[in-house]
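The structure appears below as structure tokens.
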2 protein chains.
Amino acid sequence: MSTHSTPFITPDALLAHWQGHRRLTRRVLDAFPDDKLLSFSLGGMRPFGELAMEMITMTVPMVRGAVAGDWNAATSREPRPKHELLRLWDESTEQLNVLWPQIPAPRFQETLTAFGQYTDVLHNLILYVIDNEIHHRAQGYVYLRGLGIEPPAFYDRS
Amino acid sequence: MSTHSTPFITPDALLAHWQGHRRLTRRVLDAFPDDKLLSFSLGGMRPFGELAMEMITMTVPMVRGAVAGDWNAATSREPRPKHELLRLWDESTEQLNVLWPQIPAPRFQETLTAFGQYTDVLHNLILYVIDNEIHHRAQGYVYLRGLGIEPPAFYDRS
């Protein structure tokens, strides 16, 4: 088996891994009191509601672009209340499940330019979106601790 | 090509991705003033020096276990000063490069029990170590902001 065709992880398993992270991020989002989501922050960083909106505007638009080369999705990052963020989150979860299997497998090793400006191998572009979610979710953990709220367990992806 | 053999990402590319994250984490470690590394924290969480020590005791021991089934590595998490953490970090970087290609490729899809207690497919066990690094590094970003220090750019993995 050549190195090129040997998987570290397959597309199906990577989607399952990502959706596990997304379930955890949803719990972090849901753990914030509604009024703190767009107001509380530490160290001059953005409130968690803005970070969640950033995640929403990266996830499905990246995968839709990978499927169809359509990088012009409307991606308003206008602040939203918690119930609306949770609704958009769940909508993205469903869309991700529908779109992901439409990415032709060889494309994950191809170099693309996402959103007209980020040029990299598709697997790196997708890992960037996931890593950005983990990174900003961890900010959310510190914010929750700062609010005296116990965050959900990092290892639980159920 | 069957789903099983189609890569999202190959082992070589995953190592490159991981080492990119490790370069960024090293810069975060290096950005802390020596005396804050083991003393400063927010929300009652562990100081960044302890988190870095956790990363060091997970990375090479996980990969060594994956290579040889040896899960009994001495993993002291005793606090260390910054110059010592940076030395251990660089040592781990070299060891990771040596050990990684010794993992037989099919093993990434096999289920193992790491450290006598964590049972999962190897790719998930390894992603857990990387995700844990991203998660705790992000805590470090908030700590640095809390200290009035601009953290290194998240997107720069050079």
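Could you name every one of the helices (runs of 4 or more DSSP H) located completely within region B:1-69 that has at least 2 residues being over 30 Å from residue A:40 (Cβ atoms) and in contact (Cβ under 8 Å) with a residue 12 or more places away in the chain?
B:11-31, B:48-68
Looking only at residues in region B:107-117 that are surrounded by 14 or more Cβ atoms within 10 Å (Cβ to Cβ) and part of a strand (DSSP E or B), which one is nearest to the other protein chains (Cβ to nearest Cβ)?
Only one residue fits best here, namely B:114.
One line per residue, one yes/no per condition, for (1) part of a helix (DSSP H, G or I); (2) more than 22 Å from residue B:15 (Cβ to Cβ); (3) more than 9 Å from chain A (Cβ to nearest Cβ):
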{"position": "B:72", "(1), (2), (3)": "no, yes, yes"}
{"position": "B:78", "(1), (2), (3)": "no, yes, yes"}
{"position": "B:83", "(1), (2), (3)": "yes, yes, yes"}
{"position": "B:97", "(1), (2), (3)": "yes, no, yes"}
{"position": "B:120", "(1), (2), (3)": "no, no, yes"}
{"position": "B:126", "(1), (2), (3)": "yes, no, no"}
{"position": "B:150", "(1), (2), (3)": "no, yes, yes"}
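For region A:82-89, does any single residue satisfy the condition of being in contact with a strand residue (DSSP E or B) (Cβ under 8 Å, 6 or more places away or on another chain), without any contact (Cβ under 8 Å) to a residue 40 or more places away in the chain and on the phi < 0 side of the Ramachandran plot?
no
Of the residues that sit in region A:4-25 and are at the interface with chain B (Cβ under 7 Å from one of its Cβ atoms) and hydroxyl-bearing (Ser, Thr, Tyr), which one is nearest to the chain's Cα centre (by Cα)?
Here the answer is A:10.
Got a number for residues in region B:118-158 being free of Cβ contacts under 8 Å to residues at least 40 places away in the same chain, surrounded by 21 or more Cβ atoms within 10 Å (Cβ to Cβ) and among the charged types (D, E, K, R)?
Qualifying residue count, region B:118-158: 1.
Here, each number is a calculation from the coordinates, and none is a lab measurement. Bear in mind the structure is a predicted one, so any value in this text is a computation, not a measurement. Counting neighbours? That spans all protein chains shown, and the Cβs are built from the backbone with ideal geometry, glycine included.
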